[in-house]
Amino acid sequence: MPPLQTTGICLRQWPFSETSQTVSILTSDHGVVRGLAKGARRTPGSFGGGFEPLTMGTLVFFHKAGRELETLSEWHESKSWRSPRRNSAANRAALGMVDLTEKLNRGAEVDQRAFWALHDGLEALETGRLPDEALCRTLWNLLNAAGFGPLVDETIPMDHAAFDPEAGQVCDFENNSGAWRLSPATLSVLQDLVRENQSSSHEPAAWSKSARLLAAWSSRILGEAPPSWSWTFPSGLPE
């Protein structure tokens, strides 16, 4: 079988030996590829000295059905997002994006929207957008790409709004006492996300609360909280 060539974003890498790495890469058209790069840390070589998380490049690999790790043959880095390495808030946001990307695309059908959701989220961090806003928008886009986008009923009064974690939708708190209450500011953020309003302006606290809500909903879907979220959301998530 001939090799496959694609564009990918490196999510994680682990040392396999002194010269080799195992990596997890979100690709634009093959989902998450997990593979072994033999000799990746040799310089010069086919992997440019190795893989680094939060970099984008061209990946060449050999696919074989049923194989746990693909065989990677080339990696040519074209972009590196540096903001998460320099800023702790951006680092927390980026790790949250990466964890949900990996969890939601594990064994799922390929959807290019997941690739672009992560790409655009990292770009937003790089260009100085508020980390909680970039994180919130990315979690929303990843959930929608995976078919788990929350339903937002805009007829619910602002002061009655809540989120039903069992149904994944905004509801009237008076009709669902087990739902998570939403502040008017959080509901406003969700409504703008539905409208795909890229120029909306909200207080930092509203973006933070909305990101925590989406993370909590994601944890319900997954049956667990991704490991990095204790760092991404140090104040905890709604329960």
Counting only protein heavy atoms and a 1.4 Å probe, tell me what percentage of the chain's accessible area is made up of carbon and sulfur. 48
So what's the net charge close to T232: Lys and Arg +1, Asp and Glu -1, counting the other residues with Cβ under 9 Å from its Cβ? 0
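Counting only other residues whose beta carbon sits under 15 Å from that of W75, what net charge do I get with K and R as +1, D and E as -1?
Values: positive: R12, R34, K38, R41, R42, K79; negative: E52, E70, E74, E77.
Computed value for this residue: +2.
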For log10 I(q)/I(0) by the Debye sum over Cα atoms at q = 0.07, 0.14, 0.18 Å⁻¹, which listed value, [x] -0.21, -0.91, -1.58; [y] -0.24, -0.97, -1.49; [z] -0.25, -0.89, -1.30, comes from the coordinates shown? [z]
Taking Rh as the Kirkwood radius computed over C-alpha pairs, what is the Stokes-Einstein D of segment 121-239 at 10 °C in a medium of viscosity 1.306 mPa s, expressed in µm² per second? 110
Provide, in order from the shortest bin, the percent of all Cα-Cα pairs of segment 119-190 in each 10 Å bin, continuing until the bin that contains the maximum pair distance. 20, 41, 30, 9, 0
If you take the alpha carbon radius of gyration of segment 168-237 and divide it by 2.2 N^0.38 Å, what ratio comes out, to two decimals? 1.17
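Evaluate the relative contact order of segment 1-107 (contact order divided by residue number), counting alpha-carbon pairs under 8 angstrom at least 6 apart; express in whole percent.
This gives 24 percent for segment 1-107.
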As an exercise, find the ratio Rg/Rh for segment 3-59 from alpha-carbon atoms, using the Kirkwood inverse-distance average for Rh. 0.94
Computed on Cα atoms, Rg of segment 30-91 relative to 2.2 N^0.38 Å comes out at 1.27
Rounded to two decimals, the Rg over Rh value of segment 1-126 from Cα coordinates and the Kirkwood Rh reads 0.95
If you restrict to DSSP beta bridges whose two residues both lie in segment 1-118, what percentage is antiparallel, to the nearest 5? 95
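The values are calculated or read from the model by the stated rules, or taken from the named source; none is laboratory data. Just so we're clear, the structure is a prediction, and the values are computed from it rather than from any experiment. Cβ: placed from backbone, ideal geometry, glycine included. Neighbour counts: every protein chain shown. The protein model used for the area step is the full one, side chains on, heavy atoms only, and it has no ligands, DNA or RNA in it. Shrake-Rupley method; radii C 1.70, N 1.55, O 1.52, S 1.80 Å.
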